[in-house]
Structure formats: C-alpha cells, structure tokens
Amino acid sequence: MYLSKDEEEMLERGDDVAKAMQILVTIGKMFEAERLIKIRSAHVSGISYDNIGDAGLEFLESLKAKFSVPTTINPAGFDLLRWKEMRIDDEFYNKQIRILKALKDLGANLTLTCTPYYVNRPNFGDHLAWAESSAVVYANSLIGARTNREAGITSIAAAITGRTAYFGLHIKENRAPTVKVKVSGNLALAGYILGKELKGNEIPYVIFEKKPLEFELKLFSASLATSSGIAMFHSPEITPEAEDFEVPREKIEVEGKGEKSCDADLIAIGCPHTSREELKTILELLNGEKVKKNFWIFTSRKIFEESKDLVEKLEKLGVKVFCDTCMVVSPATDKFNCLMVNSAKALHYIPLRRKCHVSFSSLEDCVRYAKSP
Ligand code: F3S
C-alpha cells in the first residue's frame with residue numbers, strides 16, 4: 001500500500017500515533033486499499049461508560065496523542081447537567097466524567113450526540129471517518145459525504161492521523177445502487193425490515209411511496225443500519241447522487257408495518273437525537289395538552305440550546321428534554337418497566353441493553369398515548 005512521506009514518518013515514530021497509523025495500514029491491506037486518504041472529520045461512537053466499562057476508560061486514559069482533525073463523539077450515559085434528576089449513581093457519574101476528560105484531552109469536541117450532522121454538517125464529497133452507523137447512512141446518503149462504517153477504534157486511529165484507508169464508499173464507483181426497492185408504511189420499520197432482507201454490501205435505490213420528512217429519513221437510515229451492514233441508500237429527488245448511476249433492475253417491495261406493545265410507563269423519543277423540526281412537530285401534536293405519562297425526549301446540547309423556546313413550552317406540558325445521552329446508552333431508563341419508542345433502532349437495542357420491555361408506535365401514536373389518562 002502506498003504511503004506518503006508524512007504517513008511513513010507517522011508509522012516510524014514508535015508512539016501512539018504510530019500505533020494509530022498501524023491500525024489504518026492493517027485495515028487498508030485487509031481491504032486492498034491502494035493508499036490512505038485525508039479526512040475532514042471523525043466521529044467516535046461507544047463512549048458511554050455503560051458501553052465500554054473500565055477497560056474502555058483505561059484505554060482512553062492511556063492514549064498519548066492528539067486528534068488532528070475535528071472529532072465529535074456519541075452520547076454519554078447521562079445529561080451532564082441533569083444527571084441527579086436521572087438518578088445516576090456517583091460511581092457511574094465519576095467514571096463517565098473520566099471518559100469525557102480523556103476524550104477532551106485527546107482533542108474531541110464533546111458534542112455527545114449521534115447526529116453530528118446537525119452540529120457541523122459535512123459538505124458533499126467530504127471524506128469522513130464516522131463510527132455511528134445511523135450517522136454513516138445519513139451522511140453518505142442524504143449529504144453525499146463519503147465514509148465507511150468505522151469501528152470505535154478505527155475512528156480514533158483516523159482522528160489521530162487525520163486519515164482513513166481509501167476503499168469502499170470513499171470510491172465513487174463503489175457507491176452505485178445494487179437493488180431497487182419500493183418502500184411504504186412506517187419508515188423506521190421499513191428500514192429495519194429492508195436491512196434484514198438485504199446483504200450488508202447492498203446499496204438500495206429506494207422509491208418512497210410518499211415523500212418523507214427529513215426526520216423520517218433519519219429514522220429510516222438508523223433502522224437500515226441496525227438490521228444490516230448497509231452504509232448508504234439512494235432515492236430519486238431526495239439523495240444527491242441518485243442520478244449519477246444506472247437504476248438497478250432487480251426490484252423488491254417493503255412495507256413498514258407491524259406492532260409491538262406493552263404497558264409503557266415511559267415514552268422515549270430521540271433515537272437518533274431529535275432535530276429542532278421534530279421538537280416542533282411534537283409540540284404541535286401535543287396541541288397544548290399536558291402529558292399524563294413520563295415523556296422523555298433526547299437531543300444534542302446544540303439543538304437544545306438553539307431550541308430553548310420550544311424546550312420551554314414542552315417542559316411546561318410535562319415533557320422532559322434531556323441532552324448528551326439517550327434511552328439506550330443511559331442506565332436512567334432501567335427503572336422503567338416498558339418504553340414506548342418510535343425508532344426501530346431503539347426497539348432493537350432496548351431489550352438487549354436495558355432492563356425493560358419495549359413497545360413501538362409512530363410519533364403521532366406515542367404523543368396520543370402520552371396524553372391519554
Ligand atoms: Fe443515538 Fe442512542 Fe439511538 S446513540 S442512534 S439515540 S441508540
């Protein structure tokens with residue numbers, strides 16, 4: 001594999017930069033990359049103490065290097081300002097804070113969100129090394145930026161070196177659609193079902209029955225990435241590269257329908273983190289009525305700050321809007337029996353990661369349920 005003079009020098013240094021470069025070279029050789037490519041940003045996932053535990057904490061604290069490109073990070077295990085209200089214990093709090101300090105020392109921007117594209121939107125054609133699978137599908141498909149599905153460790157190596165291996169979706173011809181799909185019904189469920197039907201290296205060319213809203217495309221991206229290794233899709237008049245390739249002939253149809261219910265004692269929205277538009281939609285659906293159930297929304301600190309007007313109104317109606325964390329990576333949701341969600345990613349991960357059951361509904365039905373006695 002070809003390495004530039006700078007890259008050779010990094011590899012020879014004998015420190016953590018060299019180790020990071022070694023990881024990228026190994027991955028590059030595995031995937032027969034001809035070279036590395038410079039990236040505009042990195043995004044590191046799996047930073048909740050709940051995910052990585054003591055081993056992850058010690059690894060991050062041991063790193064002696066600096067990130068060389070703008071690097072954002074995924075949600076932590078609690079809202080940094082309201083952790084007491086979330087009933088997080090002191091030990092968990094202290095370990096999570098150490099993880100964040102280690103990441104800050106490395107040079108990370110403590111965005112604590114799985115929607116880095118709302119914090120700092122990449123440009124069309126930018127090469128990235130992002131490790132949050134929902135954000136990878138969003139960035140490749142809806143923005144036209146280029147990233148493979150990085151792992152937590154490779155995104156850190158990429159953040160340190162400012163490079164990633166040039167293969168897969170970094171190369172235009174590998175971004176061609178492979179199968180045509182007609183999609184109808186609930187898009188979060190449709191994405192999840194579609195992912196189960198396709199192989200991980202497929203790139204669907206999606207015809208939506210109805211023009212989706214931006215947040216529905218985000219839910220679709222997240223669920224597609226949950227049930228498969230798929231990293232992008234195209235859709236005519238929606239995604240920027242849909243017209244760049246021949247449309248595949250093979251065709252399948254997917255309908256997003258299905259139910260899962262339990263007696264929910266918490267409605268949890270924001271997987272992936274909500275946008276300002278979603279906050280506005282929830283407020284409209286509430287239509288001035290107070291919620292009669294626990295209703296939590298998860299968003300990024302940035303959207304929270306930019307939407308204080310909406311947050312204030314939501315909280316007056318009894319909704320809690322938390323930042324920096326989510327219903328899957330925070331132990332705060334363990335004390336509930338059943339969570340109602342509108343995200344197929346949350347539907348998939350809550351039973352695996354938390355001590356509660358899960359129920360799925362559309363956003364409209366979640367809000368209706370929250371208002372019911
Ligand atoms: Fe984000 Fe948590 Fe869902 S990190 S994509 S809200 S599982």
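Would you say Leu80 is out of contact with any Gly (no Cβ under 6 Å at 6 or more places or on another chain) and closer than 18 Å to Asp50 by Cα? Before you say what the answer is, go through the steps one by one.
Values: out of contact with any Gly (no Cβ under 6 Å at 6 or more places or on another chain): yes; closer than 18 Å to Asp50 by Cα: yes.
Criteria met by Leu80.
When you scan region 272-281, do you find a residue that is surrounded by fewer than 17 Cβ atoms within 10 Å (Cβ to Cβ) and polar (S, T, N, Q), even just one? Checked region 272-281: no residue is surrounded by fewer than 17 Cβ atoms within 10 Å (Cβ to Cβ) and polar (S, T, N, Q). Only residues that are in a loop (DSSP other than H, G, I, E, B) and either more than 15 Å from the ligand (Cβ to nearest atom) or of a type in the set (A, V, I, L, M, F, W, C) (or both) were counted across region 300-359, and they come to 12. So which residues in region 266-319 are touching a strand residue (DSSP E or B) at 6+ places or on another chain (Cβ under 9 Å), more than 27 Å from Ser133 (Cβ to Cβ), among the charged types (D, E, K, R) and in contact (Cβ under 8 Å) with a residue 24 or more places away in the chain, if there are any at all? Matches in region 266-319: Lys293 only.
Of all residues in region 144-159, those that are open to solvent by 10 Å² or more (accessible area, probe 1.4 Å) and away from the ligand (no atom under 13 Å from the Cβ) total 8. Every test in (1) among the charged types (D, E, K, R); (2) touching a strand residue (DSSP E or B) at 6+ places or on another chain (Cβ under 7 Å); (3) within 16 Å of the ligand (Cβ to nearest atom) is passed by Asp50 save one, and that test is (2).
Considering region 360-373, the residues that are out of contact with any Lys or Arg (no Cβ under 6 Å at 6 or more places or on another chain), open to solvent by less than 30 Å² (accessible area, probe 1.4 Å) and of a type outside the set (S, T, N, Q) include one that is farthest from the ligand (Cβ to nearest atom), namely Val367.
May I ask you to verify whether Arg13 is under 30 Å from the mean Cα position of the chain (by Cα), open to solvent by 30 Å² or more (accessible area, probe 1.4 Å) and at negative phi? Please lay out each step first, then the result.
Working: under 30 Å from the mean Cα position of the chain (by Cα): no; open to solvent by 30 Å² or more (accessible area, probe 1.4 Å): yes; at negative phi: yes.
Here the answer is no, as Arg13 does not meet what is asked.
If you go through region 58-87 and pick out every residue that is within 16 Å of the ligand (Cβ to nearest atom) and assigned to a loop (DSSP other than H, G, I, E, B), you end up with 8. Might you check whether a residue that is closer than 30 Å to Val17 by Cβ and open to solvent by 40 Å² or more (accessible area, probe 1.4 Å) occurs anywhere in region 174-193? Yes, some residue in region 174-193 is closer than 30 Å to Val17 by Cβ and open to solvent by 40 Å² or more (accessible area, probe 1.4 Å). Out of Ala131, Ala139, one residue alone is touching a strand residue (DSSP E or B) at 6+ places or on another chain (Cβ under 8 Å), among the aliphatic types (A, V, I, L, M), within 16 Å of the ligand (Cβ to nearest atom) and free of Cβ contacts under 8 Å to residues at least 24 places away in the same chain. It is Ala139.
The values are calculated or read from the model by the stated rules, or taken from the named source; none is laboratory data. Please read these numbers as outputs of a predicted model, since none were measured by experiment. Don't worry about glycine lacking a Cβ; one is built from the backbone with ideal geometry, like all the others, and counts go over all protein chains shown. Note: areas computed on protein heavy atoms with side chains; ligands, DNA, RNA excluded. Shrake-Rupley method; radii C 1.70, N 1.55, O 1.52, S 1.80 Å.
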